[in-house]
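What follows is a single structure, written as structure tokens, with notes after it.
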Amino acid sequence: MAQYRISGDLTIADGDTAYLNAGTQFLFDGGVNFNIHGTLKAIGTETDSIIFDNFSDERWRGFTLENVSDETDFRY
């Protein structure tokens, strides 16, 4: 399983698509923004999910979805 610590803001720009692989874990520092203006494909499986969690005790605030298309997909 790949694991990434996210310590700075992430933005998917309008018109861009980001693909997140099954079995990947994303650990966010508190106060980090993940802004999705384009398309996010986070497609895990029942046995190999994608994990979004906090890295530290400071809580990550989650996703902001703005004007995304129907193509955005979150699974497992």
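At a glance:
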read-out	value
For TYR19: the one exception among (1) in contact with a Lys or Arg (Cβ under 7 Å, 6 or more places away or on another chain); (2) surrounded by 12 or more Cβ atoms within 10 Å (Cβ to Cβ); (3) of a type in the set (Ser, Thr, Tyr)	(2)
Check on ARG75, loosely packed, with under 12 Cβ neighbours inside 10 Å and basic (Lys, Arg)	no
Residues of region 22-31 that turn out to be out of contact with any Asp or Glu (no Cβ under 6 Å at 6 or more places or on another chain), modelled with pLDDT under 95 and surrounded by fewer than 17 Cβ atoms within 10 Å (Cβ to Cβ), as a count	2
First in region 7-25 and within 20 Å of GLY44 (Cα to Cα), second anywhere and exposed (fewer than 12 other Cβ atoms within 10 Å of the Cβ) and acidic (Asp, Glu), Cβ under 8 Å, 6 or more apart	THR17/GLU71; GLN25/ASP53
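The values are calculated or read from the model by the stated rules, or taken from the named source; none is laboratory data. Source: prediction; values computed, not measured. Methodologically, a virtual Cβ is constructed for each residue, glycine included, from the backbone with ideal geometry; neighbour enumeration extends over all protein chains shown.
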